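Engineer: Pasting a structure below so you can have a look.
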Amino acid sequence: MVGKKEVLKYKDEKQLIDNWATILFENNRDIDRLNDCPLTEGEKKQLMQMVKSKGSPFLLNKLVNGRTLSIQRDNEKDKLHYGKTVSLSIYDRNQIAGGKSRYQIAQQPLFIPESEMDRKRRGDLTLLINGMPVIHIELKKSGIPVNQAVNQIRKYRDEGKFEGLFSLIQVFVAMTPEDHLYFANPGLSEFNPKFFYRWADAENKICADWKEVVQNLLFIPMAHKLVGFYTVPDKSDKKLKVLRSYQIFAVEKISSALDVAHWTRAERRGGYVFHTTGSGKTLTSFKAASLVASDGKVDKSLFLADRKELGFQTLNEYQNFASGMIAVQDTEDTVELYTKLKSNNIEDKLIVTSIQKMALLSNDYGHNPEFSTISSKRIAIIVDECHRSTFGKMLRDIEDALPVAKYFGFSGTPIYDENNKDGGTTSDLFGEELCKYTITDGLRDGNVLAFDLRMEAFDEKSTRVAVALNECKAKSELEALSDPEKKRVFLKWTDRAQTTMVEVEKKIPKTQYEEPKYYESVVDNVLKDWISISFANKFHAIFAASSIPEAIDYYRLFKKNAPQLKITALFDEHDGNEQFSPTKVKAIKEILEDYNDTFVKSFRPEKYELFKKDVNMRLAHKEDYEGIDNNPEKQLDLVIVVDMLLTGFDSKWVNALYLDKMLENEHIVQAFSRTNRVLDDDKQFGVIKYYRYPYTMEKRIEKAFKLYSGERASEMFVSKLPERLESINNYYKMIKSLFDSENITYFERLPKSEQSKISFSKLFPELRRSVHSAFVQDFRWDKKDRKYVFENGKIIIVDLTEEIYKILETRYKELFPRTRGPNPPIPPYDLDTSLTEYSTERVDFKYMNSRFEIYRKAIQSDTDPETVEEFLAELSRSFASLSETDQGFATKIVSDLSSGQLYVSDDETFQELLIRYKNKKLTDEIKRISESIGIDESQLRLIMLSNPTEQNLNEYNRFDKMVDGIDLVKAKTFLEDKIKSSIPPHKVKSKARTYLREYILNGGFDA
């Protein structure tokens, strides 16, 4: 990628700015730009002011990819342009390994501190394009978790190292010899592991070896294209995004197909992309559509959504991704669509519309002589959800009207020979499969969740007997067994070896599932574990019925049986044949009135489309309902549907699907996938409960996931409760052995062995995940004797108690660096950052207070010493749930109480005593430090009590003012005693400043 002379070693920001200026001069020295006169220091400052004014990776991406920057010339030697504005070419993403593109590596770039308070730092590697640092790489040696390299990047970010010229960095890469992660620059936002990716090859095999990663990701051309083509400034959250490898491969396949396109009807099939739901298909299709629209390969780039509401959703997302860098056109009706297709305006190159609208346009205008101006154009048409919408007359109408267009499809569930519709497959309509990313690939990469399948069936034995009696024409088992022929038939249907439950279910009439008592049993089953599955209404659910009349019945039944839930129902105009039935009209009116009453709305039947959109947005927490997770009154708990929402609808807040209808093949995968979007630790998987013909559905589910996931289909389904409980016991046993090996009583402290700490850091997150998942599957801490008995007779006793689990959680948090200052140590553990904050809310102070009160009264009375010791042991054992530091304070409280040095009033709790002791310790520390280093104690106290952070430490110059008052003689004596070394007088203030800064940001460590 880079010649030897292009490696820049140990350069600081000033030197790298000079390097950028030199390259800008070389690329712009012609008479119309710099007129062979180099950039001055003033002009370099102009460049840096433009960089600094952007302030975020979102805006800086537009600068990097904007091709040019303008400066006002102040070089007097440039007589032609002096005092005038000139435009400079900075980077052309289309000039890959050619043109004016120049590539360099900054090896160990030096981050110069902005003040004495900062330390000098060296990064590892930065890739420069045309002098701009665009990809930064941090390396860790073999055996160190790759997250430690991520932590290093975060640490540099927190220290302000990626500011100035380094704020141009678009992508970070964390690497070890065996692992890597790449992610878009988050700026000042949180580092979100959800957006950390590993590079994979075209077969979705993760590249593990560093040489593969360098070859495929960091060499030119990919490094160039990653910055120029595959980063996306998303306006919806003002954050920068970068594409995953499988998304890049899909875009490049489509682009390559257009490179060699013959614009004829015979070669209209461009191919299709098989990317599972939840894999970011909208972003992938946007990149494909926008890149081919902007690079001149096509005259028009057209995205066709399956439905009007999906078209609106896609338009919104496209416009957010475009962020003004390319125009994305909407079409209100076929007239506007026709106008924009005819237009040669560059603003009208990328159009989002629905397949229905496009089909209508083909019928309305296809025979118009002027339509030939459209049909002769090079048009790339990307069809979303191409397994659904494209089958039937609509696509044929569009192809007739636009015969030489190039057609590409996107689907999470393409149609194969095994599930073809009317004899047609996705390949028949679109050509070859261009790129594949299955649901199991998504699960491995953390893009989607697995499913917890729960079959809810009639009792098998009684079902078999009922079917057997009907088949042998007997009224009772006695009658059936008394006649040889009836007995043969009876035993055939009751014997598992002779007849499967799928065969039995074929004999169950549909009317069996239309009885009111059946509906009642289904509703009761849904409500039975509603609280645990929904996490106390944090998450929402979809209930799918078989028909509109059944959905209406269920709606009314849920209203009656669960008035505490906020419920609605959605029917599409294509659901069943009841469109104009009085029953449906009356029900819709009732549903709208209920919804209006619940959420203070005013929807009417004639504006049903607006109601549908409101339900969609409310369920997804989008647009007007963004942030309603903090406002339960605005949330929907359950939506009852027939077909709506089961495809194409995305909400991270839906975690359960209740299915009382029969589905198969792609419809199963699509419906289930409404529940498996990733959100947080509480959402471990999507819950699926299915009721109707459950054994038949079980086989259909197995077939569907095998069709779309191959031999890895079983990975998509989580363990059942028995396996989950066994995993809890196994992880707990392994953790306990680590603590037992050092004779640690009741997990009161961490093991001292570094290897034991590393093992614990890996085992506890697994235990925690198992506990979280088990809770959704009906595990409870308060289960009597922690004993679970299952239908097959298996008995499992859970060894772990809630108290011990909380103590282990506290120990895990203690693995994190205790200091929170500018240079906290990075531990050699791969830690789950969702557990970083130690929370006293997790401590059972109620229990601790009661134990303390018993002990206090015991030592103040005539209680015998042996009983007092028992009370003390019980109290001390409760301290295990405290942090190690707080345990020290707790022990001191007990010691002072026992020796008579502490008086406790009757209304003072142990928790209050703990706070009192901690505050006294901090007060003593502040006093000692102030006297030792010679500063104003009140100033230090005010800063310490204001929850100081890196950002607000010097608010209103308070820290500078305090440091200016340092007694340099006292400070010199104190610091020399600390470091056991002499300090030159001119360095005392700087050393004292650094010491105080770290002391404050670390929360007052023991100086």
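The values are calculated or read from the model by the stated rules, or taken from the named source; none is laboratory data. Since this is a predicted model, take the numbers as computed values, not measurements. Because the Cβ atoms are built from the backbone with ideal geometry, glycine has one as well, and the counts that use them run over all protein chains shown. To get the accessible areas, we keep the full protein, side chains included, count just its heavy atoms, and leave off ligands, DNA and RNA. Shrake-Rupley method; radii C 1.70, N 1.55, O 1.52, S 1.80 Å.
Engineer: Residues being part of a helix (DSSP H, G or I) and more than 17 Å from D397 (Cβ to Cβ): count how many of those fall in region 348-360.
Structural biologist: Final tally of qualifying residues: 1.
Engineer: For the subset of region 469-506 comprising residues that are under 45 Å from the mean Cα position of the chain (by Cα) and open to solvent by less than 90 Å² (accessible area, probe 1.4 Å), which member is farthest from A545 (Cα to Cα)?
Structural biologist: Only one residue fits best here, namely T500.
Engineer: Has region 215-224 got at least one residue that is in contact with a Cys (Cβ under 8 Å, 6 or more places away or on another chain), under 22 Å from L139 (Cβ atoms) and part of a helix (DSSP H, G or I)?
Structural biologist: Taking every residue of region 215-224 in turn, at least one turns out to be in contact with a Cys (Cβ under 8 Å, 6 or more places away or on another chain), under 22 Å from L139 (Cβ atoms) and part of a helix (DSSP H, G or I).
Engineer: Among (1) in contact with a helix residue (DSSP H, G or I) (Cβ under 9 Å, 6 or more places away or on another chain); (2) outside any strand (DSSP E or B), there is one condition G160 misses while meeting the rest; what is its number?
Structural biologist: Failed condition: (1).
Yes/no matrix, rows are residues, columns are (1) modelled with pLDDT of 85 or more; (2) in the same structural domain as L188 (by the TED database); (3) open to solvent by less than 30 Å² (accessible area, probe 1.4 Å):
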{"residue": "I933", "(1), (2), (3)": "yes, no, yes"}
{"residue": "E937", "(1), (2), (3)": "yes, no, no"}
{"residue": "N947", "(1), (2), (3)": "no, no, no"}
{"residue": "I966", "(1), (2), (3)": "yes, no, yes"}
{"residue": "T973", "(1), (2), (3)": "yes, no, no"}
{"residue": "A992", "(1), (2), (3)": "yes, no, yes"}
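Engineer: Determine if region 175-191 includes at least one residue that is in contact with a strand residue (DSSP E or B) (Cβ under 6 Å, 6 or more places away or on another chain), assigned by the TED database to the domain that holds K52, open to solvent by 20 Å² or more (accessible area, probe 1.4 Å) and of a type outside the set (S, T, Y).
Structural biologist: No.
Engineer: Looking at I105, I71, can you tell me which residue is under 30 Å from D179 (Cβ atoms), crowded, with 18+ Cβ neighbours inside 10 Å and at pLDDT 90 or above?
Structural biologist: Only one candidate passes the filter, namely I105.
Conditions (1) over 46 Å from the mean Cα position of the chain (by Cα); (2) closer than 22 Å to Q887 by Cα, marked per residue:
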site: S905; (1), (2): yes, yes
site: L913; (1), (2): no, yes
site: E937; (1), (2): no, no
site: T949; (1), (2): no, no
site: E955; (1), (2): no, no
site: A992; (1), (2): no, no
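Engineer: Does region 852-868 hold any residues that are open to solvent by 50 Å² or more (accessible area, probe 1.4 Å) and under 12 Å from V894 (Cα atoms), and which are they?
Structural biologist: I859
Engineer: Within region 903-924, which residues are out of contact with any Lys or Arg (no Cβ under 9 Å at 6 or more places or on another chain) and open to solvent by less than 40 Å² (accessible area, probe 1.4 Å)?
Structural biologist: Selection gives S905, L913, L914.
Engineer: Go through region 71-100 and report how many residues are touching a Leu at 6+ places or on another chain (Cβ under 7 Å) and either in a helix (DSSP H, G or I) or among the small types (G, A, S) (or both).
Structural biologist: Counting residues in region 71-100 that are touching a Leu at 6+ places or on another chain (Cβ under 7 Å) and either in a helix (DSSP H, G or I) or among the small types (G, A, S) (or both) gives 0.
Engineer: Ok, one more. If I filter region 518-542 down to residues being hydrophobic (A, V, I, L, M, F, W, C) and open to solvent by 60 Å² or more (accessible area, probe 1.4 Å), which single residue comes out as farthest from L659 (Cα to Cα)?
Structural biologist: Filtering first and then ranking leaves A536.
Engineer: Hey, another quick one. Could you list all residues from region 203-244 that are farther than 26 Å from G98 by Cα and not charged (D, E, K, R)?
Structural biologist: N204, I206, C207, A208, W210, S236, L240
Engineer: Would you please list the contacts, defined by Cβ atoms under 8 Å and residues six or more apart or on different chains, that run from a residue in region 600-628 that is closer than 17 Å to K538 by Cβ and part of a loop (DSSP other than H, G, I, E, B) to a residue that is open to solvent by 80 Å² or more (accessible area, probe 1.4 Å) and not β-branched (V, I, T)?
Structural biologist: Cβ pairs passing all conditions: H621/K652.
Engineer: Mind telling me which of the residues R157, R121 ends up being over 23 Å from S245 (Cα atoms), among the charged types (D, E, K, R), surrounded by fewer than 18 Cβ atoms within 10 Å (Cβ to Cβ) and in the same structural domain as T22 (by the TED database)?
Structural biologist: Among R157, R121, only R121 is over 23 Å from S245 (Cα atoms), among the charged types (D, E, K, R), surrounded by fewer than 18 Cβ atoms within 10 Å (Cβ to Cβ) and in the same structural domain as T22 (by the TED database).
Engineer: From S389, S362, S354, S343, which residue is among the polar types (S, T, N, Q) and at pLDDT 85 or above?
Structural biologist: Result: S343 is the single residue among S389, S362, S354, S343 that is among the polar types (S, T, N, Q) and at pLDDT 85 or above.
Engineer: Let me ask you something else. Just the residues that are in contact (Cβ under 8 Å) with a residue 24 or more places away in the chain and of a type in the set (V, I, T), please, taken from region 448-493.
Structural biologist: Within region 448-493, V448, T463, V465, V467 qualify.
Engineer: Can I ask one more? R464 - would you say it is under 30 Å from K492 (Cβ atoms) and modelled with pLDDT of 85 or more?
Structural biologist: When the stated conditions are applied, R464 passes them.
Engineer: Give me the pairs, please: first residue somewhere in region 189-201 and without any contact (Cβ under 8 Å) to a residue 40 or more places away in the chain, second residue anywhere and open to solvent by less than 20 Å² (accessible area, probe 1.4 Å) and part of a strand (DSSP E or B), beta-carbon distance under 9 Å, and either six or more positions apart or on two chains.
Structural biologist: Close Cβ pairs (under 9 Å, with a partner that is open to solvent by less than 20 Å² (accessible area, probe 1.4 Å) and part of a strand (DSSP E or B)) amount to N192/F183.
Residue-wise test of (1) assigned to a loop (DSSP other than H, G, I, E, B); (2) not small (G, A, S).
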{"site": "A497", "(1), (2)": "yes, no"}
{"site": "I508", "(1), (2)": "yes, yes"}
{"site": "E520", "(1), (2)": "no, yes"}
{"site": "A569", "(1), (2)": "no, no"}
{"site": "K584", "(1), (2)": "no, yes"}
{"site": "E590", "(1), (2)": "no, yes"}
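Engineer: Can you find, within region 633-648, the residue that is farthest from L619 (Cα to Cα) among those that are charged (D, E, K, R) and in a loop (DSSP other than H, G, I, E, B)?
Structural biologist: Among those that are charged (D, E, K, R) and in a loop (DSSP other than H, G, I, E, B), it is D643.
Engineer: Being closer than 25 Å to T500 by Cα and open to solvent by 10 Å² or more (accessible area, probe 1.4 Å) is true for just one of K652, K661. Which residue is that?
Structural biologist: Exactly one of K652, K661 is closer than 25 Å to T500 by Cα and open to solvent by 10 Å² or more (accessible area, probe 1.4 Å), namely K661.
Engineer: If a residue has to be open to solvent by 80 Å² or more (accessible area, probe 1.4 Å) and free of Cβ contacts under 8 Å to residues at least 24 places away in the same chain to count, how many in region 751-796 make the cut?
Structural biologist: Qualifying residue count, region 751-796: 11.
Engineer: Okay, moving on. Read through the list (1) open to solvent by less than 80 Å² (accessible area, probe 1.4 Å); (2) without any contact (Cβ under 8 Å) to a residue 60 or more places away in the chain; (3) in a loop (DSSP other than H, G, I, E, B); (4) not basic (K, R), then give the number of the only condition that Q46 fails.
Structural biologist: Among (1) open to solvent by less than 80 Å² (accessible area, probe 1.4 Å); (2) without any contact (Cβ under 8 Å) to a residue 60 or more places away in the chain; (3) in a loop (DSSP other than H, G, I, E, B); (4) not basic (K, R), the lone unmet condition for Q46 is (3).
Engineer: When both residues are 6+ apart or on different chains and their Cβ atoms are under 9 Å apart, which pairs have a first residue that lies in region 906-926 and is without any contact (Cβ under 8 Å) to a residue 24 or more places away in the chain, and a second that is open to solvent by 50 Å² or more (accessible area, probe 1.4 Å) and part of a helix (DSSP H, G or I)?
Structural biologist: Filtered contacts from region 906-926: E908/R916; T923/R941.
Engineer: Let me ask another. Sort out which residues of region 551-563 are open to solvent by 10 Å² or more (accessible area, probe 1.4 Å) and closer than 21 Å to I588 by Cβ, and write them in order of number.
Structural biologist: Residues satisfying the conditions are D553, R556, L557, K559, K560, P563.
Engineer: Next question. Among the residues in region 85-92, are any without any contact (Cβ under 8 Å) to a residue 60 or more places away in the chain and under 12 Å from L34 (Cβ atoms)?
Structural biologist: Yes, there is a match, as at least one residue in region 85-92 is without any contact (Cβ under 8 Å) to a residue 60 or more places away in the chain and under 12 Å from L34 (Cβ atoms).
Engineer: To continue, here is another question. List the pairs whose first member sits in region 276-288 and is outside the structural domain of T675 (by the TED database) and open to solvent by 10 Å² or more (accessible area, probe 1.4 Å), whose second member is assigned to a loop (DSSP other than H, G, I, E, B) and among the polar types (S, T, N, Q), and whose Cβ atoms are under 6 Å apart, counting only residues at least 6 apart or on separate chains?
Structural biologist: Close Cβ pairs satisfying both conditions: G278/N447.
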